[in-house]
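Contents: one structure, followed by commentary.
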Amino acid sequence: MGYITIDVGTTNTRIRFIEGQEILGEYKEHTGVRDTAITGNIEKLKTALKDGISHCLRFCNKTLGDTERIIASGMITSNLGLVEIPHLETPVSISDLGKAMRSELFHDIVDQPIYFIPGVKNRVKSLDIENFEEMDMMRGEEVEALGTVELLEEKGNILFISPGSHTKFVFIDEGQRIEKCSTTLMGELLWALSRETILAQSIPKELVTSIDQEYVEKGICAARKYGFSKACFLVRILDLFTDATENQRANFIAGAVSYYDIASVKDYLKEERPKILIGGAVILRDLYWESLRIQGYDMKQVLRVDQGILEKSSAIGAIKAFERYEKLNWGSGSIHTNAPITPNSIL
């Protein structure tokens, strides 16, 4: 028996069939809640989920009867997803995620209940203009971060960095609870600069293809010395008056952006000295690792998480949350669910 896990983002949906800690089948669709926002309905998302579940089962020669549970996380629990669930307020453990799970049945997707995991937001008292910057939230990164910690068996204070379109910094305490999170627009900034500004001819559309340590460092130094806006324009100077390649120019601006990302959490890094786990795509893992090294952080405390771990961290985090849910709701012998029970949903 295995689990199907669903991870819905803004632009992509990933569906996996996992047994133990092994992913047997995977489906990725360039569909997310952005499509719901554009079309005003969730039909495209529902179709992606239905097709993805079928694909995973066929790929690994399984049936729905081989599926113990279907668990969903990410933007699927936002107001643009299938089931809106309010964010949990920090601190949040894997058990807290399990306690807050909800199940619903969508026959037009699959004839088995789907168990939904809520997102997480920072606890801020009396939010107003004086402290609004303390607020942040996430949907999906909470199971990825806690799943990574679970797989690596890490202890103590941890900062999990998940770089991408929106880079998430997830702060985890010694009790393996999420203390807070912080978000930047790293990926979107690079995308916008390379397409919608005067730098469109100076930065390649594919952005960084390989890490160039020298130009990452030059970008960091420029950002530190001149500020972000000037560092951006210096990319055009590199283009017009030097022999810097497209990839070197992309490394320069990526270094500048990563400098400000890390600056946003520098006080925490200085005070807590956490173990830093870097996730995300390989090229972004390497970028943030180089940026931390260049800025003088203790690299004995920094780990680029292995790709094999990252591939299954969200699924493992989701399953661990469901195990807590199952213990709470089935441990006494009673079943508590918001969805009808089908033959396939009973162990």
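Each part gets one Cα centre, and for the range 208-265 versus the range 112-188 those centres are 27 Å apart. Annotation note: trypsin sites (Lys or Arg not before Pro) in the range 69-135 located in DSSP loop regions with a Cβ neighbour count of at most 10 within 10 Å are Lys125. Applying a DSSP loop filter and a limit of 13 other Cβ atoms within 10 Å to the GluC sites (Glu not before Pro) in the range 65-148 leaves Glu84, Glu130. In the chain, the DSSP beta bridges split such that about 60 percent are antiparallel, to the nearest 5.
Computed over the chain with a Gaussian network model linking Cα atoms closer than 10 Å, the most mobile of Val216, Val120, Val265 is Val265.
Database remark: amide H of Ile71 closer than 5 angstrom to the amide H of Ile4, Thr5, Ile6, Tyr115 (H placed geometrically; neighbours at sequence offset of 5 or more, or on other chains; Pro and chain starts carry no H). Strictly over 21 Å apart at the Cα level, which of Lys180/Lys275; Lys218/Lys275; Lys50/Lys205 would you flag in this model? Too far apart for the 21 Å limit: Lys218/Lys275; Lys50/Lys205. Look at the dipole of the range 170-317 built from charges on Cβ: of Cys232, Ile276, Ile309, the Cα furthest out on the positive end belongs to Cys232.
Sort the range 110-174 into rounded, prolate or oblate with this rule: let a ≥ b ≥ c be the square roots of the eigenvalues of the Cα gyration tensor; rounded if a/c is under 1.5, and if a/c is not under 1.5, prolate when a/b is larger than b/c, oblate otherwise. Here the range 110-174 falls in the oblate category. Each of (1) 35, 22, 17; (2) 36, 27, 17; (3) 38, 23, 18 is a candidate for semi-axes √(5λ) of the Cα gyration tensor in Å; the one calculated from this structure is (3). Positive end of the charge dipole of the range 1-69 (Lys, Arg +1 and Asp, Glu -1 on Cβ, about the Cα centre): tell me which of Gln21, Thr63, Gly52 has its Cα farthest that way. Going by the charge dipole, the pick is Gly52.
Charged side chains reduced to their Cβ positions (Lys and Arg at +1, Asp and Glu at -1) give the chain a dipole of some 180 debye around its Cα centre.
As a fraction of the 1.4 Å probe accessible area of the chain, surface on carbon and sulfur atoms comes out at 49 percent. For the range 263-307, the Cβ-based charge dipole about the Cα centre amounts to some 80 debye (Lys, Arg positive; Asp, Glu negative; other atoms uncharged). Taking the charge dipole of the chain about its Cα centre, with +1 at Lys and Arg Cβ atoms and -1 at Asp and Glu Cβ atoms, the residue from Ser73, Ile158, Gly147 reaching farthest to the positive side is Ile158.
The values are calculated or read from the model by the stated rules, or taken from the named source; none is laboratory data. Owing to the predicted nature of the structure, the values given are computational and were not obtained by experimental measurement. FYI the Cβ positions are ideal-geometry reconstructions off the backbone, even for glycines, and counts take in every protein chain you see. We work out accessible area using only protein heavy atoms, side chains counted, and drop any ligands, DNA or RNA first. Shrake-Rupley method; radii C 1.70, N 1.55, O 1.52, S 1.80 Å.
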